[in-house]
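One structure is given here, and the rest of the page talks about it.
The values are calculated or read from the model by the stated rules, or taken from the named source; none is laboratory data. Just so you know, these numbers come straight off a predicted model, no measurement behind them. Cβ placement follows ideal geometry from the backbone for every residue including glycine, while neighbour counts extend to all protein chains displayed.
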Ligand code: FES
């Protein structure tokens, strides 16, 4: 389905950590032909055509509530664009373009797999909430493994949708002291779904390859158009060049990792 672009309003905002912001965006029944599923993202902007930054920011769908027709985005504040998005207050307008990308087919994943592990790292956990919710809705509560530098954030929201939640931190401040991949027994699952830093996803892919367990990875890349037009997010994979924004961001791990 193609993406739509329209103006929407911020319904709520909350800071989950010093550099982590969550905003709810009310779609208010606009353009109902375009609604997201897990793993998709939107290009967001709240600045004019002549203002900086030039490009909209790709932000993954953290949650979508059908009842209130509200999108939730969770993002890390790390540049001018995300600073401007984080400065929005309830009632402020922004332009949303999407949903973009292939995302995860949670219904098919839940139909074909009984034991699913979901592995996230840092802000890469953001799209995994909608993924866990859709898997649970389709009858399979996944086991969640998440890694953070020092402290987790946003995990309460996952609890209703996950069979178990295991946390690792680099500092040892919370949960397992070490890598989230230390906690994963890939052979115990029918499939592993992952999103986070490339080094973490490469580790997950390696464990899955050794265990013979399929793995899907959601990649992140700098994006200009988000729609497959500029080729700026091209990634060279074993099946040839692909655009992360349109062909992905979700790919079989064996196609993108050695
Ligand atoms: Fe333009 Fe992906 S960002 S093709």
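Might you check whether a residue that is part of a helix (DSSP H, G or I), touching a residue at least 40 places away in the same chain (Cβ under 8 Å) and over 30 Å from residue 171 (Cα atoms) occurs anywhere in region 110-133? The answer is yes; a qualifying residue exists.
Restricting 163, 220 to residues that are modelled with pLDDT under 95 and under 21 Å from the mean Cα position of the chain (by Cα) narrows the list to 220.
Could you please let me know if residue 210 is more than 14 Å from the ligand (Cβ to nearest atom) and surrounded by fewer than 18 Cβ atoms within 10 Å (Cβ to Cβ)? Considered against the rule, which asks whether it is more than 14 Å from the ligand (Cβ to nearest atom) and surrounded by fewer than 18 Cβ atoms within 10 Å (Cβ to Cβ), residue 210 comes out as yes.
Taking every residue in region 217-238 that is more than 20 Å from residue 127 (Cβ to Cβ) and touching a residue at least 12 places away in the same chain (Cβ under 8 Å) and pairing it with any residue that is within 8 Å of the ligand (Cβ to nearest atom) and part of a strand (DSSP E or B), at least 6 positions away or on another chain, the pairs with Cβ-Cβ distances below 7 Å are 231/243. A residue that is more than 16 Å from residue 109 (Cα to Cα), within 16 Å of the ligand (Cβ to nearest atom) and in contact with a helix residue (DSSP H, G or I) (Cβ under 6 Å, 6 or more places away or on another chain) occurs nowhere in region 216-225.
To keep it simple, each residue is scored yes or no on (1) within 26 Å of residue 37 (Cα to Cα); (2) surrounded by fewer than 20 Cβ atoms within 10 Å (Cβ to Cβ).
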| residue | (1), (2) |
| --- | --- |
| 118 | yes, no |
| 165 | yes, yes |
| 178 | no, yes |
| 190 | yes, yes |
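Conditions (1) over 25 Å from residue 194 (Cα atoms); (2) surrounded by fewer than 18 Cβ atoms within 10 Å (Cβ to Cβ); (3) in contact (Cβ under 8 Å) with a residue 60 or more places away in the chain; (4) more than 16 Å from the ligand (Cβ to nearest atom), marked per residue:
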{"residue": "8", "(1), (2), (3), (4)": "yes, no, yes, yes"}
{"residue": "23", "(1), (2), (3), (4)": "no, no, yes, yes"}
{"residue": "51", "(1), (2), (3), (4)": "yes, yes, no, yes"}
{"residue": "66", "(1), (2), (3), (4)": "no, yes, no, yes"}
{"residue": "78", "(1), (2), (3), (4)": "no, yes, no, yes"}
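Every listed requirement among (1) at negative phi; (2) assigned to a loop (DSSP other than H, G, I, E, B) is met by residue 39 save one, (1).
Could you check, for region 177-198, whether at least one of its residues is within 16 Å of the ligand (Cβ to nearest atom), part of a loop (DSSP other than H, G, I, E, B) and without any contact (Cβ under 8 Å) to a residue 24 or more places away in the chain? The answer is no, given that none of the residues of region 177-198 is within 16 Å of the ligand (Cβ to nearest atom), part of a loop (DSSP other than H, G, I, E, B) and without any contact (Cβ under 8 Å) to a residue 24 or more places away in the chain.
Only a single item in (1) within 16 Å of the ligand (Cβ to nearest atom); (2) crowded, with 19+ Cβ neighbours inside 10 Å; (3) on the phi < 0 side of the Ramachandran plot is not met by residue 158, and it is number (1). Looking across region 226-258, just one residue is on the phi > 0 side of the Ramachandran plot and more than 14 Å from the ligand (Cβ to nearest atom), and that is 240.
Just checking, does region 68-76 include any residue being assigned to a strand (DSSP E or B), within 16 Å of residue 124 (Cβ to Cβ) and at pLDDT below 95? No, region 68-76 contains no residue that is assigned to a strand (DSSP E or B), within 16 Å of residue 124 (Cβ to Cβ) and at pLDDT below 95.
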